[in-house]
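One structure is given here, and the rest of the page talks about it.
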2 protein chains.
Amino acid sequence: MHILITGGAGFIGSHLADALLERGHRIVCVDDLSLGTEDNVAHHFHNERFTFIKLDILNTADFNELFKQHKFEHVFHMAANSDIQAATADVHLDLEKTFMTTFSTLECMQNNKVKNIIFASSSTVYGEQEKVLTEDTGPLFPISLYGAAKLSSEAFISAFCEQFDMRAWIFRFPNVVGERATHGALFDFVKRLRENPRHLVILGDGTQRKPYLYVKDLVDGMLFGWQHAHERLNCFNLGVESSTTVTTIAQMVIEEMGLKDVTLRYTGGRRGWPGDVPSFKYSLAKINALGWKAQRSSDEAVRLAVKAVIGKLRGA
Amino acid sequence: MHILITGGAGFIGSHLADALLERGHRIVCVDDLSLGTEDNVAHHFHNERFTFIKLDILNTADFNELFKQHKFEHVFHMAANSDIQAATADVHLDLEKTFMTTFSTLECMQNNKVKNIIFASSSTVYGEQEKVLTEDTGPLFPISLYGAAKLSSEAFISAFCEQFDMRAWIFRFPNVVGERATHGALFDFVKRLRENPRHLVILGDGTQRKPYLYVKDLVDGMLFGWQHAHERLNCFNLGVESSTTVTTIAQMVIEEMGLKDVTLRYTGGRRGWPGDVPSFKYSLAKINALGWKAQRSSDEAVRLAVKAVIGKLRGA
């Protein structure tokens, strides 16, 4: 099939390109390279089924032109701001990079009669809730602008599906870790411990506990849901049953870096930052019932990711 | 208190201005007059507690300037596209008039440390669901761009509240009728029967059944919720227990216009138009528990509104 990936040179988008090419599809990746890098997809440059185009998809005229040149059957919309904390400094970031890119994608799809969208949503749409989060859980009051932009994207995808006879697969991601990540707690820890191997400051009280999904498992789950779910609008939580605390991540980083006698200092409070959700219970019953489960546990995912980050920084 | 109403010359905004002035507040109404009219608020022009300013609030620089000149304590954000069907012709309409006006309002509030927002949301955020709709109902997959823009607005309001220590009152409106309305089924029926008093075409099969809330009851409910609910984020369904079918509306219009032997023709299908939700069950338990109930039934509201529309068109 002929497939477009927006944000295709980014952390998750590039792993998705790997997997789709492996399965024999033809891929066009667009990316504005604000977070993604050509390095992430350079290993496909020789592949005739792969095309990379540097493009800001908020430029609707150029984006529309791309749709005219290709006959895309499916669009994986991965382009987004991926740094939840960045909104504190700029309230336009999630609005533009996450929400407006979705609207632009939907508009170009509608103009060019492309009917199938696969969207990278997030557990942050749920805001902070005590109950076990299923896909049908309400209310939806996100506490970060990141989550607000993801929920807004879902809302417009849903309306476009109904109004313009499109179909959607919405996947709500937990924290995702692995090769090519550009930020996140473990990434920060490695960088800061390289600067100062004796002290590490941890935001919050360290007990924030989240499921970390390995990026290759995430991509596997998305492709599984996409192939096996056939409603007009298909929404799935993706994740892993187990979870990992921030303190455990710090300990793994310290271990893998071979450091000793590192003093951990906690800034305190249950949130790492305003808008951080300290813990949540994510039901995976729906995707499990369809026949999918993550291969790695949360701890295994973090361990793999820590090794990858350390390896990459050593190589750099 | 010093209060800003966006969309303050519109259908609901102008009734809100009436009620807030009656209660002794100082009001600034802004409106771009795309749907609102100066006529709707002209009766307050002599009132020194009332100011009207023609302003497109998407012009953030001018809007921000207004916030600088005044010390608003509360902002009632009513500015929005109010015509659900219009999106079929222009997908940007709800995005800009409903969602981007909300973002612009939030941004100016944040810049100027204004902490309280009251938002006109909608039952359309729920999409089409069989179950009884409480404020906690999920999933939220709107089927109209109108509903998508309302849900997106809620999402960003929620995130701004958490990130910037603001408070919000979100009211989800059903169909609202009364003086100064600019469209809706009953409005159309009157206009079309004046053109041709023998035939009336009804979209759908006429059995679409919805609760119609009288605009003065709606405003009363909003002000009640605003005064009596004190959470950071307060969300209420507003409505009326009873409901009215489209065919009943047509019959009331025919009666009030004194017409006889009108042939009704139905276009068929359970939806009036793509994105129309043919019926829904709206729980009012939360606002009822707080101590509020609509004074008029749905049929009474429709009857009052029909008389108002006929009276106005006769006067014109």
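Quick notes
- Test result for residue A:143, within 19 Å of residue A:225 (Cα to Cα) and of a type in the set (A, V, I, L, M): no
- Number of positions in segment B:132-167 that are among the aliphatic types (A, V, I, L, M), facing chain A (nearest Cβ under 7 Å) and touching a residue at least 40 places away in the same chain (Cβ under 8 Å): 3
- The criterion of at least 1 residues that are under 30 Å from residue B:164 (Cβ atoms) is met by the following strands (runs of 3 or more DSSP E) wholly inside segment B:178-258: B:233-237.
- Yes/no for residue A:170 being under 30 Å from residue B:85 (Cα atoms), touching a strand residue (DSSP E or B) at 6+ places or on another chain (Cβ under 9 Å) and either part of a helix (DSSP H, G or I) or at the interface with chain B (Cβ under 8 Å from one of its Cβ atoms) (or both): no
- Residue count for segment B:36-56, restricted to those that are touching a His at 6+ places or on another chain (Cβ under 9 Å) and surrounded by 16 or more Cβ atoms within 10 Å (Cβ to Cβ): 4
- Segment B:122-131, residues that are surrounded by fewer than 24 Cβ atoms within 10 Å (Cβ to Cβ) and more than 10 Å from chain A (Cβ to nearest Cβ): B:123, B:130
- In segment B:173-210, residue nearest to the other protein chains (Cβ to nearest Cβ) [restricted to those that are without any contact (Cβ under 8 Å) to a residue 60 or more places away in the chain and farther than 17 Å from residue B:84 by Cα]: B:192
- Residue match in segment B:299-313 (condition: within 30 Å of residue A:165 (Cα to Cα) and away from chain A (no Cβ under 14 Å)): no
- Breaking point among (1) touching an Asp or Glu at 6+ places or on another chain (Cβ under 6 Å); (2) not assigned by TED's automatic domain parsing to the domain that holds residue A:110, for residue A:138: (2)
- Take the conditions (1) crowded, with 22+ Cβ neighbours inside 10 Å; (2) at the interface with chain B (Cβ under 10 Å from one of its Cβ atoms); (3) not small (Gly, Ala, Ser); residue A:118 misses just one of them, which is (2).
- Residue ID - farthest from the chain's Cα centre (by Cα), chosen from residues in segment A:259-298 that are on the phi > 0 side of the Ramachandran plot and at pLDDT below 95: A:261
- Residues within segment A:70-129 that are without any contact (Cβ under 8 Å) to a residue 40 or more places away in the chain and not in a helix (DSSP H, G or I), tallied: 3
The values are calculated or read from the model by the stated rules, or taken from the named source; none is laboratory data. Because the structure is predicted, anything quoted here is derived from the model rather than measured. Glycine also receives a Cβ, built like all others from the backbone with ideal geometry; neighbour counts cover every protein chain displayed.
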